[in-house]
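Notes follow once the structure below has been shown.
The values are calculated or read from the model by the stated rules, or taken from the named source; none is laboratory data. Keep in mind that what you see is a predicted model, and the values were worked out from it rather than measured. Ideal geometry is used to build each Cβ from the backbone, glycine not excepted, and the neighbour counts take in all protein chains shown. These area figures cover heavy atoms from the full protein model, side chains too; ligands, DNA and RNA do not enter into them. Shrake-Rupley method; radii C 1.70, N 1.55, O 1.52, S 1.80 Å.
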Amino acid sequence: MTEHRPSEVIYQVYPSSFADSNGDGLGDLKGILDKLDYIDTLGVDAVWISPVFLTPKGPDGDGGYAITDYREIDPKYGTVDDFKAILDKAHDLGLRVYTDFVLAHTANDHDWFEKSRNREEPYDDYYVWDDGHKDEHGNRLPPNNWKSVFGGPAWNWDDKREQWYLHHFLASQPALNNNIEKVQDAVLDEMRFWLDMGVDGFRLDAMPFANHDPDLRNNPWRDGQWPRDSEHWEEQYFQHSICQDSTVHFIARIREMMDSYPDKKTTLGEAISGPDGGGDSVPVAASYVDAEKGLDMCYTNALMSIWEYPDAGRVAGMVKHLEHHFPEGGNCNSASNHDIPRSASRMTKHIADEDKDKAVKQLMELFISLPGSFCMYQGEELGLPAARIPEDIPLDKLQDPVAHTKGLEHSRDGARTPFPWDSGKKNLGFSSSDTPYLPATESHKARAVDVQEKDPESMLNFTRDRLKWRKAQPALQKGTTKVIDKIPAPLLGFVRKTKEQSILCLFNMSSAQQSIKLSDYFNEKQCKSMNINKDETVTLEAYGSAFYGDKPVAVNVNAKTAAKKKTPKTGT
Ligand code: NOJ
């Protein structure tokens, strides 16, 4: 087995809720700038900043993912100079900066869309337009049965152009017609704008949605019935609406453009939609990744589809699946982000209170030892639980449009509440405003940064310690992975291996203490390579983990990163 390409640890910042520098209640670029030193103490390689570009006001903006102008910073977040200041400081600290790039759609007030509605050349076919059909009463019907992820049909009638346009998300997010190279060229130009300014790469939004079937054929329903009246995206197979092979060709063009820069530019694709609503996105994601012609990495729904504490068998299956589809690397582990309830509460809801902290720490150790990169969402290093609706976020304070289009239980606001910087300050130190963007979460107070800084055993210091340790383990960064099937559940064991190092990663995925004699599972040579004492019986406490063959790292968990890392990293 070949070693994987090197992986990295990426920290995701969701700007609206990270740090508000001007007291208007919304996080901003200067807030991010002020907190880069904090991010650097975590020991991550890169920062991904969710979109800060010009966007329609209110719910139509989809939290920044409907873009009015790719080249403009939305004034509510600051200015291009603020953004450049982030780049400069991050680079001084040795942190790479990735921005979000949304290539599957724009906002409906983007100049391209306005011109396309008016059939102006060359914008006429920049979006996906169609006449649709009429029923026997003369009522207009959309061209096919495709549904929007956010509820309802994926088509909206435009009175100006008198045609339907495709939107996979909100009606304010018309899908770009990336099936034609002219549109891809325009998208690539917008990307170059930020690369020329010095960004180190992109998190590419919604990659499976980049292309569609040019013949607009109906998707099959998952239970085989057609026609029918359901409005649910999750009930279809997406043979035609998304996950098209043509996306691989578009990606090759993106890669060629990225590689035309002298320094490494990185791509992290979001590929969390499989061939059906709840399905497996790993094979789709893997088809986008390639050392020479593809994306550097993708995050998938492998961890995001886990809604309870993962048992040993489930993780073992996932590891094998990832290793099979990403034999040379390119997987990015992501369990939490701005779209999904935080893993610290989502995965531990059935765990006894006294074990929860241990379990959350174990999850962190698991995420950083799985094959691939790791994308950590702001607050994950604090072990924050998701904010609850309506206990933590009253209904009249909700922001995410999906609560209206799809139902309250789909609201993503629980993962987007203010970052708790200081337990003693207004809005937990996020903002001095009386009306913060979303309310600060009371249960986050005890987990605020100031509290955790003082506690050597805190999740924050644990995360720093573990990330620093990971950096010293080549096998965790780029090793192959082999699950040791014979190790009995609830223990889980897999070996990460490079030429220079083998590490056995051992996890007790249960609340009961477990003992094991490891030499029963490895031969003498293997035991020697992983420092396993052949006579020893190992005991793992509830949700305990152990690593054999790792290199010890001298860690002062409270110290700030000592030396400035001037040399930019190469990424994957
Ligand atoms: C994925 C983003 O993470 C999400 O927030 C957004 O709503 C959709 N893509 C549409 O852009």
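In percent, how large is the relative contact order of region 90-141, given Cα pairs closer than 8 Å and 6 or more residues apart?
With pairs under 8 Å counted, the relative contact order is 16 percent.
Translational D (Stokes-Einstein, µm²/s) of region 244-301 at 4 °C and 1.567 mPa s when Rh comes from the Kirkwood sum over C-alpha pairs?
The calculation lands on 111 µm²/s.
Just to make sure I understand: if all protein chains stay in place, what is the order of W307, W129 by accessible area at 1.4 Å, largest first?
W307, W129
Across every pair of different alpha-carbon atoms, what Kirkwood hydrodynamic radius in Å does region 1-159 reach?
18.5
Nearest 10 degrees, 0 to 90: what angle lies between the long axis of helix 80-93 and the longest principal axis of the chain (Cα atoms)?
Once rounded, one gets 20 degrees.
If each Cα of the chain is one equal point scatterer, what is log10 of I(q)/I(0) from the Debye formula at q = 0.08, 0.10 Å⁻¹?
The computed values of log10 I(q)/I(0) come out as -0.54, -0.85.
Ignoring everything except DSSP H segments at least 4 long, calculate the 222 nm mean residue ellipticity for the chain; use -39,500 (n - 2.57) per segment, divide by total residues, nearest 500.
-7000 deg cm²/dmol
Beta carbons within 10 angstrom, averaged per residue: use that to sort the peptides 374-387, 141-154, highest first.
Highest to lowest by the protection proxy: 374-387, 141-154.
Roughly how much of K349 is accessible, in Å² to the nearest 10, using a 1.4 Å probe?
100
Could you tell me whether region 92-168 comes out rounded, prolate or oblate from its Cα gyration tensor? Rule is a ≥ b ≥ c as square roots of the eigenvalues, rounded for a/c under 1.5, then prolate if a/b exceeds b/c, otherwise oblate.
oblate
Could you state the accessible area per residue of region 63-219 in Å², with a 1.4 Å probe and every protein chain left in place?
For region 63-219, the per-residue accessible area is 35 Å².
Can you run phi through the Karplus equation (6.51, -1.76, 1.60; θ = phi - 60°) for region 344-356 and list ³J(HN,Hα) in whole Hz, with x for Gly and Pro?
4, 9, 4, 8, 10, 4, 9, 8, 4, 3, 5, 9, 4
Compute the acute angle (0 to 90°) between the alpha-carbon long axis of helix 312-325 and the principal axis of greatest extent of the alpha-carbon atoms of the chain; round to the nearest 10°.
Long axis of 312-325 versus the principal axis of the chain: about 60 degrees.
Tell me, what ³J(HN,Hα) does each residue in region 59-66 have, in order and in whole Hz, if you take phi through Karplus 6.51 cos²θ - 1.76 cosθ + 1.60 with θ = phi - 60° and put x for Gly and Pro?
x, 4, x, 6, x, x, 8, 10
Volume per residue, Å³, of the convex hull around the alpha-carbon atoms of region 193-327?
So the per-residue hull volume is 146 Å³.
E8's amide H: which non-local residues (gap 5+, or another chain) put their own amide H closer than 5 Å, with H modeled 1.01 Å from N in plane and none for Pro or chain starts?
S373, F374
With the full set of protein chains in place, find how many percent of the accessible area of the chain is carbon and sulfur; take the probe as 1.4 Å.
Roughly 49 percent, rounded to a whole number.
Just to verify a number: what accessible area does M509 come out at with the full protein assembly present, 1.4 Å probe, Å² rounded to tens?
Approximately 20 Å² for this residue.
Measure off 7 Å from each Cα along the Cα-to-Cβ vector at S433 and D259, then give the distance between these two points in nanometres to one decimal.
Between S433 and D259, the simple spin-label model gives 4.4 nm.
If amide H atoms are built 1.01 Å from N in the plane of the peptide, which residues on other chains or at least 5 residues away come under 5 Å of the amide H of E3?
The list, which skips near neighbours in sequence, is empty: none.
Expressed as an acute angle from 0 to 90° and rounded to the nearest 10, what is the orientation of the C-alpha long axis of helix 181-197 relative to the principal long axis of the chain?
That helix lies at roughly 50 degrees to the long axis.
Could you compute how much accessible surface D465 exposes when probed at 1.4 Å, giving the result in Å² to the nearest 10?
Near enough 40 Å² of accessible area.
Rounded to whole Å, give me the distance from the Cα center of region 364-431 to that of region 467-524.
31
Collect residues whose amide H, placed 1.01 Å from N in the peptide plane, falls under 5 Å from the amide H of D74; neighbours closer than 5 in sequence don't count.
Correct list: F53, L54.
Using packing as a proxy for protection, rank 3-10, 101-108 so that the peptide with the highest average count of other Cβ atoms within 10 Å comes first.
Sorting 3-10, 101-108 by mean packing, highest first, produces 101-108, 3-10.
So if each residue of separation counts as 0.36 nm, and I subtract the Cα-Cα distance between A489 and D159, what length gain in nm does that give?
112.8 nm
Let me see the pair-distance distribution of region 113-228: every alpha carbon pair, 10 Å bin width, integer percents in order.
Percent of Cα pairs in each bin: 12, 38, 32, 13, 4, 1.
With +1 on the Cβ of every Lys and Arg and -1 on the Cβ of every Asp and Glu, and nothing else charged, how large is the dipole of the chain about its Cα centre, in debye rounded to the nearest 20?
Its charge dipole is roughly 2220 debye.
Please list 3J(HN,Hα) in residue order for region 474-486, calculated via the Karplus relation 6.51 cos²θ - 1.76 cosθ + 1.60 where θ = phi - 60°; whole Hz, with x for glycine and proline.
Listing the rounded values in order: x, 5, 7, 7, 8, x, 6, 10, 10, 6, 8, 4, 6 Hz.
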